[in-house]
Amino acid sequence: MGVEQKLGNMGIVTTKLEELVNWSRTNAMWPMLFGLACCAIEMMAAQASHFDMSRFGMELMRASPRQSDLMIVAGRVSRKMAPVVRRLYDQMPEPKWAIAMGDCASCGGVFNNYAILQGVDEIIPVDVYVAGCPPRPEALIHGIVTLYEKVKADKFVTPA
Amino acid sequence: MAQLEEVSYEPFKHLVSERALTGETMLLNMGPQHPSTHGVLRLLLELDGETIVNAIPDIGYLHTGVEKNMESKTYLKAEVMTDRLDYMNTTGNNLAYCMAVEKLIDLDVPERAQVIRVIVTELQRIASHLVFMGAFGLDLAAMSMFLYCFREREYIMDILELCSGQRMMTTYFRPGGVWRDVPEEFDSAVRNFIKIFPKRVDEYEALLTKNPILLDRLVGIGILDAKTALSHGVTGPTLRASGVNWDLRKARPYIGYEQYDFNVPVRTEGDTFARYIVHIEEFRESLKIVEQGLEKLKKLPGKPVNSDNRKFVPPPRAEVGVSMEALIHHFKFWTEGFPAPKASIYSAVESPRGELGVYLEGNGGPKPHRVHMRTPSFDNLSAINKMVQGHLVADLVAILASIDIVLGDIDR
Amino acid sequence: MDKKLEKIVQALQEKFGVTHEEFRGEVHVFVKAENIVDALTLLRDKYEFELLSALTATDYYEQHVEPRFHVIYQLSSLAQNITVQLRVAVNGDQPKVPSAAGVYDTANWREREVFDMFGIQFEGHPDPRRILTPEGMEAHPLRKDFPLGYEEPQFTFNYDDIDLKKIYAKE
């Protein structure tokens, strides 16, 4: 989407542009203000004064999916909530990323039962899984930094 | 997976006024993704201009099946589930469940364990109220409150981590006592918190209590009278703000609350401001209890923190290596679990949100037959329609924040 | 049994012919389904049981006993500081209980929850919808004949099988 489609094969220029775009994407990635359960409290803690996620370009949490780049699925996703999560993900503009925060979002966690989705990756593609029940704010920040590395390694033109 | 369909008003027809059906009033969907619903609550609002005629909550977006899942686990393993119900009051949930199990199997708890339980529960109550204050401030555009409150919350999270190794889901209380004794640093960490915190509460009050913008948004908003509150099963700070002096810590003292000297803050206005003040006062009262608890703990050094009833409590690790009997108990305990009688009990504690009751039924085996958590937020939320009628949409945000709901507590 | 409670149970006995049990100081009073609304009204108005603490149910499917369900009403009196539990036994075949939503407002949601979880119908309920489970769900999850819904955890040996089910995992 966007810049990738307009690119021809411009050799050295592309690499530099790639770096520039990826750098700008990582340093102002806006997560969606979207909390489900316990992990949302730790996500709030990560945002708040002690851990301060804005050091990583995340001071702004957007409640609207239209304005956000990153979906942090913080908590267990129930079968009733699943269609809503999918719709929110669909409403996010490209490029978009998703982090499954915590065990419940990654694999169902301790709730292996009729009500909970066994991993949010059943309904949306996930880039980074953060383990923990709930993960410490440091763990979430580590997950985000991991995502940044992934974004930085993003290639616009796949070599033939 | 269920499909998301067009919102239809057909199922809500009997809940809205007749004017909605003629199109005179507007129906507005709020949530489940909304910054002010404290999670995944969905509200269907019937609006006349900007005035709310009816608010119809739609819950279940976080339905976790905790009660069903607990039936398939042994009594001890089921405790892990209770943490994740009301995730702001994790040790409080543990306490409610452990007390229920202790009552069902008739297990004694040593005094030192009870004192530790009181201290940790009250610290958790402060932490929960801190999150309440932070979110309350955030919803009312007092962003700095959120930052301040979460700063202080870290102290408590550190103390909990010190005791149990986890910040939130501690599972620190076990039937018959606590997991293990508090570490040496516990005393100084809690004392440090006690020293800092009163000044911080004054700071919050200086920011909010006399703030004219805030007062305009709170005073006289969302009035809930005592009779309606009781009929709706509302408990906790929300009930006490409506003028009913009902606190289970005073009314039916448990884990030794009768030995502590504290007041129950009560207001009579029943509005959003009264609920805010009750929470602020409870900070100070909880702190008093923690302080007295520390003094009590000092008088009980080295006393056991677990019941010595080997049928229901695992033997200490050191004993397992040398005693055959202890090894058998250890093995039986962790594989099979302990049996409980075929009977049912109901036991309740005062959580930061109200009466947290556990209905526990055994069937003679090692797994519970039925666990029902009577969660306070569920009933507190059921009164929301009575509170918001006639107010503006912006007031709904303040009212929702003031009743301090936790969606995990509601949907279970 | 508490002195105050003894009188109340006696009054219920005379009026509705109830039986009662005691366990660990808790009193469980068995009321017939047709009397439950009257009993609750009497307790609320005459004996100051203002608070319906809990309303839930339990299922004895595995024990093969009739009646299969018990509906449980946990009442608290703030004025007298006593509690009592009323239990209504309900047959497993099309279980029905009169609704208490007219007596206690909180019964409205609690009965919806019991209906959702156990499929017990509450006659005369003002808003008989499901409350927690998604729309379109047919079953009642807390019944003992409903499976927990266990899914296989993903290990190395079945990694690919489970991955196939997660269509978006590789996107």
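The values are calculated or read from the model by the stated rules, or taken from the named source; none is laboratory data. Note that the structure is a prediction, hence the values are computed from the model and not measured. So basically every Cβ, Gly included, is an ideal-geometry build from the backbone, and we count neighbours across all protein chains shown.
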Problem set entry | Checklist (1) under 16 Å from residue A:40 (Cα atoms); (2) assigned to a loop (DSSP other than H, G, I, E, B); (3) touching a residue at least 60 places away in the same chain (Cβ under 8 Å) applied to residue A:94, failing item | (1)
For this session: Give the residue that is nearest to the other protein chains (Cβ to nearest Cβ), with candidates limited to residues of the stretch C:42-56 that are within 18 Å of the chain's Cα centre (by Cα) and within 21 Å of residue C:16 (Cα to Cα).
Result: C:52
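Could you list, in sequence order, the residues of the stretch B:48-85 that are in a helix (DSSP H, G or I) and closer than 25 Å to residue A:82 by Cβ? Before you say what the answer is, go through the steps one by one.
Step one: of the stretch B:48-85, the residues in a helix (DSSP H, G or I) are B:66-71, B:75-83.
Across the stretch B:48-85, the qualifying residues are B:66, B:67, B:68, B:69, B:70, B:71, B:80, B:81, B:82, B:83.
Which of the following residues is more than 16 Å from the chain's Cα centre (by Cα), hydroxyl-bearing (Ser, Thr, Tyr) and within 14 Å of chain C (Cβ to nearest Cβ): B:346, B:276? It would help to see each step written out before you state the result.
Numbers: B:276 fails: within 14 Å of chain C (Cβ to nearest Cβ).
On inspection, the qualifying residue turns out to be B:346.
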Exercise. Quick check: is even one residue across the stretch B:273-288 among the aromatic types (Phe, Trp, Tyr) and without any contact (Cβ under 8 Å) to a residue 60 or more places away in the chain?
Worked result: yes
Exercise. Taking into account only those residues within the stretch C:122-143 that are touching a Ser or Thr at 6+ places or on another chain (Cβ under 9 Å), in contact (Cβ under 8 Å) with a residue 24 or more places away in the chain and more than 7 Å from chain B (Cβ to nearest Cβ), which is nearest to residue B:10 (Cα to Cα)?
Worked result: C:126
Exercise. For the stretch B:309-337, which residues satisfy the criterion of being in contact (Cβ under 8 Å) with a residue 60 or more places away in the chain and among the acidic types (Asp, Glu)?
Worked result: B:336
For this session: Determine which single condition residue B:251 fails, assuming it passes every other condition in (1) touching a Leu at 6+ places or on another chain (Cβ under 9 Å); (2) in contact (Cβ under 8 Å) with a residue 12 or more places away in the chain; (3) among the hydrophobic types (A, V, I, L, M, F, W, C); (4) surrounded by fewer than 19 Cβ atoms within 10 Å (Cβ to Cβ).
Result: (2)
For this session: Taking residue C:115 as the residue in question, decide whether it is among the aromatic types (Phe, Trp, Tyr) and in contact with a strand residue (DSSP E or B) (Cβ under 8 Å, 6 or more places away or on another chain).
Result: yes
Seminar exercise, completed: Checked the stretch A:74-90 for anything in contact with a helix residue (DSSP H, G or I) (Cβ under 6 Å, 6 or more places away or on another chain) and either within 22 Å of residue C:135 (Cα to Cα) or at pLDDT 90 or above (or both); matches are A:75, A:76, A:77, A:88
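On the given criteria, is residue B:120 surrounded by fewer than 24 Cβ atoms within 10 Å (Cβ to Cβ) and of a type in the set (A, V, I, L, M)? First the steps, then the outcome.
Working: surrounded by fewer than 24 Cβ atoms within 10 Å (Cβ to Cβ): no; of a type in the set (A, V, I, L, M): yes.
In short, no.
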Problem set entry | the stretch B:397-412, residues that are away from chain A (no Cβ under 14 Å) and closer than 20 Å to residue B:60 by Cβ | B:400, B:403
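Which members of the stretch A:107-160 meet the condition of being of a type in the set (A, V, I, L, M), assigned to a loop (DSSP other than H, G, I, E, B), in contact with a strand residue (DSSP E or B) (Cβ under 9 Å, 6 or more places away or on another chain) and more than 9 Å from chain C (Cβ to nearest Cβ)?
First, the residues of the stretch A:107-160 that are of a type in the set (A, V, I, L, M): A:110, A:115-117, A:120, A:123-124, A:126, A:128, A:130-131, A:139-141, A:144-145, A:147, A:151, A:153, A:157, A:160.
When the remaining residues are screened for being assigned to a loop (DSSP other than H, G, I, E, B), the result is A:110, A:115, A:117, A:123-124, A:126, A:131, A:153, A:157, A:160.
Applying the additional criterion that residues be in contact with a strand residue (DSSP E or B) (Cβ under 9 Å, 6 or more places away or on another chain) yields A:115, A:117, A:124, A:126.
Hit for the stretch A:107-160 is A:117, nothing else.
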Exercise. Of all residues in the stretch A:89-106 being buried (at least 21 other Cβ atoms within 10 Å of the Cβ) and within 10 Å of another protein chain (Cβ to nearest Cβ), which is nearest to residue A:30 (Cα to Cα)?
Worked result: A:98
Exercise. Can you name the residue in the stretch C:76-105 that is in a strand (DSSP E or B), over 13 Å from the mean Cα position of the chain (by Cα) and crowded, with 21+ Cβ neighbours inside 10 Å and is also farthest from the other protein chains (Cβ to nearest Cβ) among such residues?
Worked result: C:84
Exercise. Among all residue pairs at least 6 apart or on different chains, which show Cβ distances below 7 Å where the first residue, located in the stretch A:5-30, is under 24 Å from residue A:58 (Cβ atoms) and the second is modelled with pLDDT of 65 or more and part of a helix (DSSP H, G or I)?
Worked result: A:22/A:151; A:22/A:152; A:25/A:151; A:26/A:148; A:26/A:151; A:26/A:152; A:30/A:67
Exercise. Hey, does the stretch B:234-244 have a residue that's touching a residue at least 60 places away in the same chain (Cβ under 8 Å), crowded, with 16+ Cβ neighbours inside 10 Å, away from chain C (no Cβ under 11 Å) and over 21 Å from residue B:348 (Cβ atoms)?
Worked result: no
For this session: Of all residues in the stretch A:45-79, count the ones that are facing chain B (nearest Cβ under 7 Å) and surrounded by 21 or more Cβ atoms within 10 Å (Cβ to Cβ).
Result: 3
